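Novice: Got a structure for you, questions after.
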Amino acid sequence: MASNPLTLFDKIWDAHVVTPEAAANPATLYIDLHLIHEVTSPQAFTVLRDRNLPVRRPDRTLATIDHSTPTLKDEDGAPLYVNAQAKTQVATLLANTAEHGVETHGWDSDNRGVVHVMGPELGATQPGMTIVCGDSHTSTHGAFGAIAFGIGTTQVGHVLATQCLLMRKPKTMAIELTGELVDGVTPKDVILAIIAEIGVGGGTGYALEYRGTVFEEMSMAGRMTVCNMSIEAGARCGLIAPDETTFDFLRGRPHSPEDFDAAVDQWRKLTTDEGATFDKIVRMDAATIRPMATYGTHPGMAAPIDAPIPNPANEADEKALSYMQVTAGQTMAGQRVDRVFIGSCTNARLEDMRAAANILSGRTVATSVRAIVVPGSESVKAAAEAEGLHEIIMASGAEWREPGCSMCIAMNGDKAAPGELVVSTSNRNFAGRQGPGARTVLASPETAAASAIAGVVTSVAGLAS
Amino acid sequence: MSNAPLTTLTSRTVVLPAENIDTDQIIPARFLTVTSRDGLGKHAFNDWRYAEDGSETDHELNGEAAKASQILVGGHNFGCGSSREHAPWALTDYGFRVVISSEIADIFRSNAVKNGLLPIVIEKGAHQWLLDHPGADVAVDLIRREVRLPGNGGTYRFDVDDFSAHCLIEGVDELGYLDGQVSAISDYEERLGK
Ligand code: SF4
């Protein structure tokens with residue numbers, strides 16, 4: 001046992017402290033990888049320009065376009081922007097990164113994608129790193145055993161200019177899942193159950209570490225789904241210790257280290273030492289988790305699809321139920337569905353596309369439902385098409401779109417109409433997130449696909465019966 | 001880019017009691033296609049303040065009293081959700097300098113401080129008092145780290161880390177501070193071969 005046992009988070013944090021934290025100042029933390037996109041970077045580049053500062057480390061910066069980008073193209077293959085402002089925003093990013101020599105995956109790149117899908121695919125996301133992006137779901141990259149968190153635009157400017165951030169160290173929380181998952185329970189269900197357990201503010205001030213065999217046995221895609229939603233429990237980051245699954249995923253990717261074996265030797269040290277203490281430990285029994293759906297207007301308002309919606313605890317809950325047009329005691333199973341969205345950095349990887357196609361295969365989307373499937377990146381799209389998944393998906397009546405954030409944030413024109421109920425594989429069900437008045441139900445790709453077929457919210461098991 | 005210094009202020013409060021007010025409510029995503037940070041105040045809480053046809057609702061944020069206010073009191077867990085800095089930009093452009101709640105989400109808090117908006121997490125009792133007395137004249141003293149409620153509402157201390165307080169009081173920004181560490185950063189890069 002190490003003399004001073006440390007958590008995984010502590011080890012990575014300590015290795016990145018440039019100037020230690022004191023009462024009078026936060027720590028200056030070095031950032032290994034800075035991901036940028038069109039929405040949260042323009043004002044930061046303006047600050048750089050105003051102060052006549054260069055990007056300190058263009059080689060540690062990686063850019064894509066995903067949020068404002070359309071998922072439809074015209075006959076000539078030109079993107080159909082929702083408005084001129086969105087088009088300008090994308091053009092601004094491309095101009096800024098060209099000016100500063102930052103590797104950018106724009107329209108002409110085979111790797112363009114939702115920033116949190118693209119980073120890992122390129123092998124840019126690596127164990128032991130500190131990773132930031134002006135997007136709260138940066139926590140996704142924690143799946144590789146990295147400290148990864150979302151930052152605001154001012155901080156994007158800080159990192160562009162200095163490759164550092166000012167930060168106070170958060171506390172640590174272990175989420176320990178014991179036992180085995182039952183069949184049909186997906187990583188999305190696991191994280192929704194965890195958030196329902198600890199609450200949307202439960203992780204505030206903490207870095208989470210997900211521990212236990214359930215996570216060890218999970219694929220990288222599943223781990224990314226889990227870490228992605230750490231922020232929905234209020235935690236800025238969530239991480240999982242890297243292991244063979246992680247190393248296998250990273251081997252041979254464009255940004256993977258040249259001396260890969262040497263890197264792996266270092267990465268193996270990235271585990272929480274035996275005897276290390278967390279500020280808080282939450283234990284849950286994996287066997288109790290069931291396929292989940294949200295019934296309210298924040299991700300903590302989630303329950304098993306067939307379980308009765310709980311009585312509202314307060315006025316906010318009451319408002320949420322009335323917004324969602326559901327009442328306590330009903331189940332989400334059976335609620336009429338208008339739209340289905342399968343996509344987002346939570347669930348738009350190849351594995352998710354396969355899961356959806358598997359359910360849609362040989363079945364038809366209900367006539368009352370409009371379903372869109374949006375791959376997370378150009379690579380996911382190409383890989384899915386190579387397997388013929390797009391044909392299965394389109395044959396079912398669902399649409400197969402260009403990669404991007406799409407209805408996760410509904411700022412590119414893909415959105416639901418007021419009052420429509422959307423079963424969505426994304427991460428936020430806030431009022432109006434998918435369009436003013438739209439009602440969002442968060443669930444796994446499997447549940448979303450099954451609900452598209454049934455025309456009502458249903459689990460896969462419910463579909464079979 | 002520095003912010004107006006903030007030391008003490010007294011203002012009527014605007015109270016939005018809903019819990020878990022997320023940044024999608026503060027500034028809906030469809031207003032994020034801007035490439036500048038100015039002028040977002042008119043879209044602060046857009047979907048609460050405007051009907052579908054764009055006309056103003058009777059929401060209190062459309063009233064003159066709210067527009068003159070500098071203190072926003074929000075329900076528990078204010079500012080959760082997306083990391084968009086457009087949220088504090090919208091609030092400061094609207095006119096707020098202080099947000100008070102019994103819990104404020106991490107990223108929002110960090111973004112707020114950087115934009116001259118003071119986030120105050122206050123104890124439950126005082127928070128309840130504020131929720132129960134919308135429009136009260138409340139004094140915020142960043143030097144003494146106190147919120148003073150009128151009448152016999154009492155005086156409450158709040159925590160703010162020294163560094164954030166310094167930046168707010170002086171109206172300085174963190175980039176200047178970080179820029180001052182350039183040689184430490186270079187040393188670090190060299191030492192670790194980064
Ligand atoms: S898919 Fe959604 S959560 Fe993910 S980066 Fe895009 S907008 Fe953010």
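Novice: What pairs come up if the first residue lies in the stretch A:17-37 and is more than 7 Å from chain B (Cβ to nearest Cβ) and of a type outside the set (G, A, S), the second is within 16 Å of the ligand (Cβ to nearest atom) and open to solvent by 10 Å² or more (accessible area, probe 1.4 Å), and their beta carbons are under 8 Å apart, counting only those six or more places apart or on different chains?
Specialist: Taking only residues 6 or more apart or on different chains, the pairs are A:L35/A:D135; A:H37/A:H67; A:H37/A:D135.
Novice: Only one of A:T272, A:T277 is more than 16 Å from the ligand (Cβ to nearest atom), open to solvent by less than 40 Å² (accessible area, probe 1.4 Å), more than 21 Å from the chain's Cα centre (by Cα) and under 22 Å from A:K11 (Cα atoms). Can you tell me which?
Specialist: Residue meeting the stated conditions: A:T272.
Novice: Can you pull out every residue in the stretch A:299-324 that is outside any loop (DSSP other than H, G, I, E, B) and among the charged types (D, E, K, R)?
Specialist: A:E315, A:D317, A:E318, A:K319
Novice: Would you please name the residue that is farthest from the ligand (Cβ to nearest atom), looking only at residues in the stretch B:82-98 that are aliphatic (A, V, I, L, M) and more than 8 Å from the chain's Cα centre (by Cα)?
Specialist: Taking the stretch B:82-98 as the starting set, the residues that turn out to be aliphatic (A, V, I, L, M) are B:87, B:90-91, B:98.
Within this subset, residues satisfying the condition of being more than 8 Å from the chain's Cα centre (by Cα) are B:87, B:90.
Working: B:A87: 15, B:A90: 18 Å.
So the residue we want is B:A90.
Novice: Can you tell me which residue in the stretch A:44-85 is farthest from A:M407 (Cα to Cα), limited to those that are within 16 Å of the ligand (Cβ to nearest atom), more than 9 Å from chain B (Cβ to nearest Cβ) and hydrophobic (A, V, I, L, M, F, W, C)?
Specialist: If we filter the stretch A:44-85 for residues that are within 16 Å of the ligand (Cβ to nearest atom), which is where we start, we get A:62-71, A:82.
Still in the running and more than 9 Å from chain B (Cβ to nearest Cβ): A:62-66, A:69-71.
So of that shortlist, the ones also hydrophobic (A, V, I, L, M, F, W, C) come out as A:62-63, A:65.
Numbers: A:L62: 24, A:A63: 21, A:I65: 15 Å.
So, considering only residues that are within 16 Å of the ligand (Cβ to nearest atom), more than 9 Å from chain B (Cβ to nearest Cβ) and hydrophobic (A, V, I, L, M, F, W, C), the one farthest from A:M407 (Cα to Cα) is A:L62.
Novice: Being within 16 Å of the ligand (Cβ to nearest atom), more than 14 Å from every other protein chain (Cβ to nearest Cβ), over 17 Å from A:Q43 (Cα atoms) and touching a Gly at 6+ places or on another chain (Cβ under 6 Å), is that true of even one residue in the stretch A:93-108?
Specialist: There is no residue in the stretch A:93-108 that is within 16 Å of the ligand (Cβ to nearest atom), more than 14 Å from every other protein chain (Cβ to nearest Cβ), over 17 Å from A:Q43 (Cα atoms) and touching a Gly at 6+ places or on another chain (Cβ under 6 Å).
Novice: Got a sec? Which of A:V190, A:V182, A:V264, A:V226 is modelled with pLDDT of 95 or more, over 19 Å from the mean Cα position of the chain (by Cα) and assigned to a helix (DSSP H, G or I)?
Specialist: After ruling out the rest, the residue left standing is A:V264.
Novice: Answer yes if at least one residue in the stretch B:137-156 is open to solvent by 20 Å² or more (accessible area, probe 1.4 Å), part of a helix (DSSP H, G or I) and either within 13 Å of chain A (Cβ to nearest Cβ) or modelled with pLDDT of 95 or more (or both), and no otherwise.
Specialist: no
Novice: Continuing with the same structure: Which number in (1) within 8 Å of chain B (Cβ to nearest Cβ); (2) open to solvent by 10 Å² or more (accessible area, probe 1.4 Å); (3) within 21 Å of A:V17 (Cβ to Cβ) marks the one condition that A:G150 misses?
Specialist: Exception for A:G150: condition (2).
Results for (1) at the interface with chain A (Cβ under 7 Å from one of its Cβ atoms); (2) open to solvent by 40 Å² or more (accessible area, probe 1.4 Å); (3) away from the ligand (no atom under 16 Å from the Cβ), shown as yes or no for each residue.
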site	(1), (2), (3)
B:T33	yes, no, no
B:R37	yes, yes, yes
B:G41	no, no, yes
B:D53	no, yes, yes
B:A68	no, yes, yes
B:V73	no, no, yes
B:H76	no, yes, yes
B:C80	yes, no, no
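Novice: Looking at (1) touching a Lys or Arg at 6+ places or on another chain (Cβ under 6 Å); (2) open to solvent by less than 10 Å² (accessible area, probe 1.4 Å); (3) not basic (K, R), which is the only condition B:S101 fails?
Specialist: The single condition B:S101 does not satisfy is (1).
Novice: Next question. So how many residues does the stretch A:434-453 have that are assigned to a loop (DSSP other than H, G, I, E, B) and open to solvent by 10 Å² or more (accessible area, probe 1.4 Å)?
Specialist: Residues meeting the conditions: 2.
Novice: So which residues in the stretch A:362-386 are more than 16 Å from the ligand (Cβ to nearest atom) and either among the polar types (S, T, N, Q) or not in a helix (DSSP H, G or I) (or both), if there are any at all?
Specialist: Listed by number, the residues that qualify are A:G362, A:R363, A:T364, A:V365, A:A366, A:T367, A:S368, A:V369, A:R370, A:A371.
Novice: Restricting to the stretch A:387-425, count the residues that are assigned to a loop (DSSP other than H, G, I, E, B), hydroxyl-bearing (S, T, Y) and touching a Gly at 6+ places or on another chain (Cβ under 7 Å).
Specialist: Looking only at the stretch A:387-425, we keep the residues that are assigned to a loop (DSSP other than H, G, I, E, B), and these are A:387-388, A:396-398, A:401-405, A:409-420, A:425.
Cutting the leftovers down to hydroxyl-bearing (S, T, Y) gives us A:396, A:425.
Now drop any that are not touching a Gly at 6+ places or on another chain (Cβ under 7 Å), which leaves A:425.
The qualifying residues number 1.
Here's the yes/no breakdown for (1) under 21 Å from A:A461 (Cα atoms); (2) in contact (Cβ under 8 Å) with a residue 40 or more places away in the chain:
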| residue | (1), (2) |
| --- | --- |
| A:A348 | no, yes |
| A:I359 | yes, yes |
| A:G362 | yes, no |
| A:A383 | no, no |
| A:A386 | no, no |
| A:H390 | no, no |
| A:M394 | no, no |
| A:I409 | no, yes |
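Novice: Separate question: Please verify whether A:V457 is β-branched (V, I, T) and within 16 Å of the ligand (Cβ to nearest atom), treating the condition exactly as stated. Spell out the reasoning first.
Specialist: Details: β-branched (V, I, T): yes; within 16 Å of the ligand (Cβ to nearest atom): no.
Spelling it out, it is not the case that A:V457 is β-branched (V, I, T) and within 16 Å of the ligand (Cβ to nearest atom).
Novice: Inspect the stretch A:325-347 for any residue being open to solvent by less than 20 Å² (accessible area, probe 1.4 Å), within 16 Å of the ligand (Cβ to nearest atom), closer than 19 Å to A:P299 by Cβ and part of a helix (DSSP H, G or I) and give the result as yes or no.
Specialist: Checked the stretch A:325-347: no residue is open to solvent by less than 20 Å² (accessible area, probe 1.4 Å), within 16 Å of the ligand (Cβ to nearest atom), closer than 19 Å to A:P299 by Cβ and part of a helix (DSSP H, G or I).
Novice: Hey, can you tell me all the residues within the stretch A:414-447 that are touching a Leu at 6+ places or on another chain (Cβ under 9 Å) and within 15 Å of the ligand (Cβ to nearest atom)?
Specialist: Across the stretch A:414-447, the qualifying residues are A:D414, A:S424, A:T425, A:S426, A:N427, A:R428, A:N429, A:A438, A:T440, A:L442.
This table checks each residue for (1) among the charged types (D, E, K, R); (2) closer than 25 Å to A:G128 by Cα.
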{"site": "A:L8", "(1), (2)": "no, yes"}
{"site": "A:K11", "(1), (2)": "yes, yes"}
{"site": "A:P20", "(1), (2)": "no, yes"}
{"site": "A:L29", "(1), (2)": "no, yes"}
{"site": "A:A44", "(1), (2)": "no, no"}
{"site": "A:L48", "(1), (2)": "no, no"}
{"site": "A:P58", "(1), (2)": "no, yes"}
{"site": "A:D66", "(1), (2)": "yes, no"}
{"site": "A:T69", "(1), (2)": "no, no"}
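Novice: Among (1) out of contact with any Asp or Glu (no Cβ under 7 Å at 6 or more places or on another chain); (2) surrounded by fewer than 24 Cβ atoms within 10 Å (Cβ to Cβ); (3) of a type in the set (K, R), which single condition is A:K171 missing?
Specialist: (1)
Novice: Looking only at residues in the stretch B:166-186 that are buried (at least 18 other Cβ atoms within 10 Å of the Cβ) and of a type in the set (A, V, I, L, M), which one is farthest from A:A23 (Cα to Cα)?
Specialist: Ranking the candidates gives B:I185 first.
Novice: Which one of A:A320, A:A313 is in contact with a His (Cβ under 8 Å, 6 or more places away or on another chain), away from the ligand (no atom under 16 Å from the Cβ) and within 14 Å of chain B (Cβ to nearest Cβ)?
Specialist: Answer to the check: A:A320.
Novice: With outside any helix (DSSP H, G or I) and not assigned by TED's automatic domain parsing to the domain that holds A:Y206 as the only criterion, which of A:T125, A:T154, A:T140, A:T88 stands out?
Specialist: On inspection, the qualifying residue turns out to be A:T125.
The values are calculated or read from the model by the stated rules, or taken from the named source; none is laboratory data. In this text, all values refer to a predicted model and were calculated from it rather than measured experimentally. Here the Cβ is made from the backbone with ideal geometry for all residues, glycine too, and neighbour counts use every protein chain on show. When the accessible area is computed, the model is the full protein with side chains, heavy atoms only, and any ligands, DNA or RNA have been set aside. Shrake-Rupley method; radii C 1.70, N 1.55, O 1.52, S 1.80 Å.
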